[in-house]
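Note sheet for the following structure.
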Ligand SMILES: [Zn+2]
């Protein structure tokens, strides 16, 4: 089976987000497979906005938007985490949705522009070094959270 260029890009991107999201909350998820699945889900959740913005299931169209859509912002990550809390009333699940959402933003900041404070139109970027330091910091924070 041969994958086209856009499908390969999407598979690599999703894999990177899941891997880094799992790393950022790894101290919390090693003991609970449910949290592992939730962390993987929330690690890629912001990319659902590509589907909404493209109004298509075509991966080529989703990847050809020009810029990352509205869920790729700090306000959206807060809102998603608030909704998660309202439904779950669980601090750990909410924390995982928040940190994996931030990790998604960090990695996208390292691989292109993100409108971090959407609807403001300013694009932000990060070097991969700063991105890895932030993700490592999230992992340390997760280690501290599990001690509480
Ligand atoms: Zn993304």
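The values are calculated or read from the model by the stated rules, or taken from the named source; none is laboratory data. Since the structure is predicted, the reported quantities are computational estimates derived from the model, not experimental observations. Every residue, glycine as well, gets a Cβ built from its backbone with ideal geometry; the counts of neighbours run over all protein chains shown.
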Qualifying positions in segment 119-148 - within 22 Å of residue 85 (Cα to Cα) and in contact with a helix residue (DSSP H, G or I) (Cβ under 8 Å, 6 or more places away or on another chain) | 138, 139, 141, 142, 143, 145, 146
Near pairs, Cβ below 7 angstrom, 6+ apart or cross-chain, from segment 3-29 (closer than 16 Å to residue 50 by Cβ and without any contact (Cβ under 8 Å) to a residue 12 or more places away in the chain) to any residue that is in a helix (DSSP H, G or I) and away from the ligand (no atom under 16 Å from the Cβ) = none
Check segment 114-134 and report whether any residue there is within 23 Å of residue 13 (Cβ to Cβ) and in contact (Cβ under 8 Å) with a residue 60 or more places away in the chain.
-> no
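Can you pull out the helices (runs of 4 or more DSSP H) entirely within segment 54-148 that have at least 3 residues that are at pLDDT 95 or above and within 14 Å of the ligand (Cβ to nearest atom)? Write out each step before concluding.
Values: elements: 59-62, 74-88, 91-110, 128-147.
Where helices (runs of 4 or more DSSP H) fall fully within segment 54-148 and carry at least 3 residues being at pLDDT 95 or above and within 14 Å of the ligand (Cβ to nearest atom), they are 74-88, 91-110.
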Tell me which of these residue 90 doesn't satisfy, since it passes every other one: (1) in contact with a helix residue (DSSP H, G or I) (Cβ under 7 Å, 6 or more places away or on another chain); (2) surrounded by fewer than 18 Cβ atoms within 10 Å (Cβ to Cβ); (3) under 17 Å from residue 142 (Cβ atoms).
-> (1)
